[in-house]
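A short reminder: the numbers here are calculations on the coordinates, not readings from a lab. Just so we're clear, the structure is a prediction, and the values are computed from it rather than from any experiment. Backbone-built Cβ (ideal geometry, glycine too); neighbour counts: all protein chains shown.
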Amino acid sequence: QVQLVESGGGLVQPGGSLRLSCAASGSIFSIYAMGWYRQAPGKQRELVAAITSGGSTNYADSVKGRFTISRDNAKNKVYLQMNSLKPEDTALYYCNQGGPGGYWGKGTLVTVSS
């Protein structure tokens with residue numbers, strides 16, 4: 001079955017950077033769209049960034065210009081480079097394959113605080 005395992009979360013100061021990674025297994029990774037979602041305490045899960053099988057990307061307005069999603073099909077991995085982090089970026093970040101009805105990882109926690 002499909003497994004998605006996130007890593008790279010942690011505590012970072014405002015203005016700092018983190019790089020999240022998601023390792024996928026159990027599927028033909030290259031044919032699927034991949035995405036990063038996040039859920040902050042008391043809020044609904046929201047799409048942060050997505051990348052199609054062809055490499056086209058889209059981003060939430062709140063992260064445009066600060067976050068970059070990328071994928072390495074040879075390694076079955078998708079990444080989220082997060083720069084200029086803000087306290088409001090604090091959330092549990094989830095890797096997704098195939099859209100909201102697809103597969104999910106268990107999440108990695110990102111905390112932005114001084």
Could you order peptides 52-65, 24-37 by the average number of other Cβ atoms within 10 Å of their residues, highest first?
24-37, 52-65
Work out from phi, with θ = phi - 60° and the Karplus expression 6.51 cos²θ - 1.76 cosθ + 1.60, the ³J(HN,Hα) of each residue of region 97-114, listed in order in whole Hz, and give x for Gly and Pro.
10, x, x, x, x, x, 9, 10, x, 8, x, 9, 8, 10, 10, 10, 7, 9
What residues qualify as long-range amide H neighbours of Val48, i.e. H under 5 Å apart, gap of 5 or more or another chain, H built at 1.01 Å from N?
Trp36, Tyr37, Arg38
Proximal lysines to Lys43, defined as alpha-carbon separation beneath 29 angstrom and excluding residues fewer than eight positions away on the same chain
Lys64, Lys77, Lys86, Lys106
Modelled label-to-label distance, Thr68 and Leu47, 7 Å Cα→beta-carbon offset: nm?
2.2
